[in-house]
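Presented below is the structure to which this report refers.
The values are calculated or read from the model by the stated rules, or taken from the named source; none is laboratory data. Being a predicted model, the structure only gives us computed values, none of them experimental. When we count neighbours, we look across all protein chains shown, and the Cβ atoms used for this are built from the backbone with ideal geometry, even at glycine.
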Amino acid sequence: MSLPKFFAFASVLSPQDMRSFRKFLLSRIGVEADPFAIFDYVATHQKWKKEYPGNEAMAAAILPKTGQKVFLNYLSMLYDHAQEWMAMEELKAQPYEQDLMIQRWLNRRSLYHLADQVKDKMVKSLKAEDTLDHTYAKLLSDAHFEQAFCHNPHKFEFKEEEYLEMVESFDEYVTGQYLVLMTELFNFEVTTHTDHPALRDYILSKIEKSRDTEVITLLKAIYRLMQFDEIDALLYIKDVLLAGKIKAGSKLNYIVSIYAIRKSHNLYTRGLHNDKNLIYTLSNYGLNSGVYFNDGRLSPVNFHNLVMCMCLGLDFEDVLHFIEKWMPKVNVTDAAATANLARAQACFYTHRYDEIYKYTLKGDLDFTQKNLAQGLFLIATFMHRFKDPSSYKREYTSSINFIKRHASRMSTHLQASYQNLFRFMKDIDAVEPDAIKLEDYHPLIYKSWCEYTLEMNKGRP
């Protein structure tokens, strides 16, 4: 059964989070209260996380004299407190948002001189920021807006440049958001094979009227990269990232980094640039800047993507060291199986096909990982198809059936990519290599391997 909300919340808390929430909870309820006993239980016991026994069993284990209905009411109350704690934790990481709230509170209480001090300090700090983040523009506009639309008598002393700054900052933020939305709309259209011309034209009409600032120039570069495959835009974005110009940990840093990393690999696989080091450099930046992490953990998808990128810039032994170093950060239930799958990737990218077999044995992997494992295993058997044709034929059929069986969990683009891979594998032994054109197999997964295989088969007897 699914976890109740409070237990789901508690299951993801780190020890530090648990201590923080305990302190917060004690400010709301007493240590002798029944709801606190529930918290104390989930904080000190781990078994329920692995296999939840059900509400009735949990109620009996924690509060045996309390009925299940009362127990569920306590859980609801605890989750209300948890949501309040979540909001406060998020606010701690946003000092400017705190300043805005303080400014608003002071103005409402007619403490205008104190509100003015908060506003002036906030505006000065925002103008002094030396990193890029388009949310700075929104905060700057909001600080002026709060002052202009309240009962503070000092609003009548507003200067013309402050009004201009309020409007221009707001315009910069909105334009930045439109550029992000436009870029993601293009990405959405590509991945879903849909078209939204009216929405696209509407957003473009907003962007075209805006004025350029440093952050808008950056976001326009991201848009040009995604829409028009501009290599110069990619190189400009790389320089901005490596120079540390974007605010670390900001949403903007995440957006720019992820788009640049994905597109650098996409352009490489399509033959629009041949700089493997560019992919490695951007991926390494993403790793060290934290954009790949969610609450300090790496998802399996991000981890395997990183391993792939590291293979483009490191030798085999260094990739293995990378896997050992970062594996403890990967959020999986079977760390050994995930580490082995990553080692299989390293073998694949260094043409150690004999070694792939021992690393793709079954383990507790999610669907995406199983898909990766079957693809690598198929390629390993293909490379030994003349020595062991029966294993290859068996795995070839098994892979086709795997894709058919899980078609509902894959995009049409991914399914087509695998169908073309299967067709390529069949054609490479049936057609003269010189007659095979990879553009006839678009879209194609493992394209770089297909290029390698095609080159190896040219001139064969």
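Pairs linking a residue in segment 411-432 that is in contact (Cβ under 8 Å) with a residue 60 or more places away in the chain to a residue that is outside any helix (DSSP H, G or I), with Cβ atoms under 6 Å and 6 or more positions apart or on different chains, are HIS413/PRO443.
Residue by residue, here is whether (1) touching a residue at least 12 places away in the same chain (Cβ under 8 Å); (2) surrounded by fewer than 18 Cβ atoms within 10 Å (Cβ to Cβ); (3) in contact with a helix residue (DSSP H, G or I) (Cβ under 6 Å, 6 or more places away or on another chain); (4) in the same structural domain as HIS134 (by TED's automatic domain parsing) holds:
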site: ALA221; (1), (2), (3), (4): yes, no, yes, yes
site: LEU225; (1), (2), (3), (4): yes, no, yes, yes
site: ILE231; (1), (2), (3), (4): yes, yes, no, yes
site: LEU234; (1), (2), (3), (4): yes, no, yes, yes
site: LEU242; (1), (2), (3), (4): yes, yes, no, yes
site: ASN253; (1), (2), (3), (4): yes, no, no, no
site: TYR259; (1), (2), (3), (4): yes, no, yes, no
site: LYS263; (1), (2), (3), (4): yes, no, yes, no
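For residues that are in a helix (DSSP H, G or I) and either over 26 Å from the mean Cα position of the chain (by Cα) or farther than 13 Å from LEU75 by Cα (or both), tally how many sit in segment 1-19.
Taking segment 1-19 and keeping what is in a helix (DSSP H, G or I), we get 5-11, 15-19.
Next cut, either over 26 Å from the mean Cα position of the chain (by Cα) or farther than 13 Å from LEU75 by Cα (or both) only: 11, 15-19.
Result for segment 1-19: 6.
Residue by residue, here is whether (1) in contact with a Leu (Cβ under 8 Å, 6 or more places away or on another chain); (2) over 30 Å from LEU438 (Cβ atoms); (3) basic (Lys, Arg) holds:
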position	(1), (2), (3)
LEU179	yes, yes, no
PHE188	no, no, no
TYR202	no, yes, no
GLU230	no, no, no
ALA233	yes, no, no
LEU242	no, yes, no
GLY249	no, yes, no
HIS265	no, no, no
GLY271	no, no, no
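What about GLY375, is it in a helix (DSSP H, G or I) and closer than 30 Å to SER299 by Cβ? Yes, satisfied.
Just to be sure before I move on: is ALA33 among the small types (Gly, Ala, Ser), more than 26 Å from ALA87 (Cβ to Cβ) and surrounded by 11 or more Cβ atoms within 10 Å (Cβ to Cβ) in the structure I sent? Give the steps one after another, and end with the answer.
Values: among the small types (Gly, Ala, Ser): yes; more than 26 Å from ALA87 (Cβ to Cβ): no; surrounded by 11 or more Cβ atoms within 10 Å (Cβ to Cβ): yes.
Against the criterion (among the small types (Gly, Ala, Ser), more than 26 Å from ALA87 (Cβ to Cβ) and surrounded by 11 or more Cβ atoms within 10 Å (Cβ to Cβ)), ALA33 does not qualify.
Does GLU355 satisfy the condition of being loosely packed, with under 13 Cβ neighbours inside 10 Å and acidic (Asp, Glu)? I'd like the intermediate steps shown before the answer.
Working: loosely packed, with under 13 Cβ neighbours inside 10 Å: no; acidic (Asp, Glu): yes.
The answer is no for GLU355.
For LEU365, state whether it is at pLDDT 95 or above, surrounded by 12 or more Cβ atoms within 10 Å (Cβ to Cβ), among the aliphatic types (A, V, I, L, M) and within 24 Å of LEU320 (Cα to Cα). It would help to see each step written out before you state the result.
Values: at pLDDT 95 or above: no; surrounded by 12 or more Cβ atoms within 10 Å (Cβ to Cβ): yes; among the aliphatic types (A, V, I, L, M): yes; within 24 Å of LEU320 (Cα to Cα): yes.
No.
Every condition in (1) more than 22 Å from GLU355 (Cβ to Cβ); (2) surrounded by fewer than 15 Cβ atoms within 10 Å (Cβ to Cβ) is met by SER390 except one, and the failing one is (1).
Can you tell me which residue within segment 36-57, out of those that are in contact (Cβ under 8 Å) with a residue 40 or more places away in the chain and not polar (S, T, N, Q), is surrounded by the fewest Cβ atoms within 10 Å (Cβ to Cβ)? Step through it out loud before you land on a result.
Within segment 36-57, the first condition is being in contact (Cβ under 8 Å) with a residue 40 or more places away in the chain, and the residues that meet it are 38, 48, 52, 54-55.
Keeping just the survivors that are not polar (S, T, N, Q) gives 38, 48, 52, 54.
Working: ILE38: 23, TRP48: 18, TYR52: 17, GLY54: 10.
In this case the residue turns out to be GLY54.
The set of residues in segment 141-178 being in a loop (DSSP other than H, G, I, E, B) and charged (D, E, K, R) consists of LYS159 alone.
Pull up segment 407-438, narrow it to residues that are among the charged types (D, E, K, R) and assigned to a helix (DSSP H, G or I), then point me to the one that is nearest to the chain's Cα centre (by Cα).
Let us first name the residues in segment 407-438 that are among the charged types (D, E, K, R), namely 409, 423, 426-427, 429, 432, 434, 437.
When the remaining residues are screened for being assigned to a helix (DSSP H, G or I), the result is 409, 423, 426-427, 434.
Values: ARG409: 20, ARG423: 33, LYS426: 36, ASP427: 37, ASP434: 41 Å.
Selected residue: ARG409.
Would you check if PHE386 is part of a helix (DSSP H, G or I) and among the aromatic types (Phe, Trp, Tyr)? No.
Of all residues in segment 189-210, which are touching a residue at least 24 places away in the same chain (Cβ under 8 Å), assigned to a loop (DSSP other than H, G, I, E, B) and out of contact with any Ser or Thr (no Cβ under 8 Å at 6 or more places or on another chain)? Those that are touching a residue at least 24 places away in the same chain (Cβ under 8 Å), assigned to a loop (DSSP other than H, G, I, E, B) and out of contact with any Ser or Thr (no Cβ under 8 Å at 6 or more places or on another chain): none in segment 189-210.
Within the bounds of segment 82-100, is there any residue that is in contact (Cβ under 8 Å) with a residue 12 or more places away in the chain and within 16 Å of LEU3 (Cα to Cα)? Scanning segment 82-100, I find at least one residue that is in contact (Cβ under 8 Å) with a residue 12 or more places away in the chain and within 16 Å of LEU3 (Cα to Cα), so the answer is yes. Being out of contact with any strand residue (DSSP E or B) (no Cβ under 8 Å at 6 or more places or on another chain) and modelled with pLDDT of 90 or more is the requirement here; does ASP318 meet it? Yes; evaluated as a whole, the condition is true for this residue. Cβ-Cβ distances below 9 Å connect the following pairs, each with a first residue in segment 439-453 that is surrounded by 18 or more Cβ atoms within 10 Å (Cβ to Cβ) and outside any helix (DSSP H, G or I), a second residue that is at pLDDT 90 or above and of a type in the set (Val, Ile, Thr), and a separation of six or more residues or different chains: TYR446/ILE379. State yes or no: is LYS138 within 25 Å of the chain's Cα centre (by Cα), assigned to a helix (DSSP H, G or I) and without any contact (Cβ under 8 Å) to a residue 40 or more places away in the chain? The answer is yes for LYS138. Of the candidates ASN288, ASN302, the single residue that is of a type in the set (S, T, N, Q), at pLDDT 90 or above, surrounded by 19 or more Cβ atoms within 10 Å (Cβ to Cβ) and within 21 Å of ASN253 (Cα to Cα) is ASN302. Is there a residue being part of a helix (DSSP H, G or I), surrounded by 15 or more Cβ atoms within 10 Å (Cβ to Cβ) and in contact (Cβ under 8 Å) with a residue 60 or more places away in the chain anywhere in segment 179-186? Within segment 179-186, one or more residues are part of a helix (DSSP H, G or I), surrounded by 15 or more Cβ atoms within 10 Å (Cβ to Cβ) and in contact (Cβ under 8 Å) with a residue 60 or more places away in the chain. Could you list all residues from segment 320-337 that are assigned to a helix (DSSP H, G or I) and either more than 22 Å from the chain's Cα centre (by Cα) or more than 23 Å from LEU282 (Cβ to Cβ) (or both)? Answer for segment 320-337, where residues must be assigned to a helix (DSSP H, G or I) and either more than 22 Å from the chain's Cα centre (by Cα) or more than 23 Å from LEU282 (Cβ to Cβ) (or both): LEU320, HIS321, PRO328, ALA335, ALA336, ALA337.
Can you tell me how many residues within segment 20-44 are within 32 Å of the chain's Cα centre (by Cα), over 21 Å from ASN331 (Cβ atoms) and not β-branched (Val, Ile, Thr)? Summing the residues that are within 32 Å of the chain's Cα centre (by Cα), over 21 Å from ASN331 (Cβ atoms) and not β-branched (Val, Ile, Thr) in segment 20-44 gives 5.
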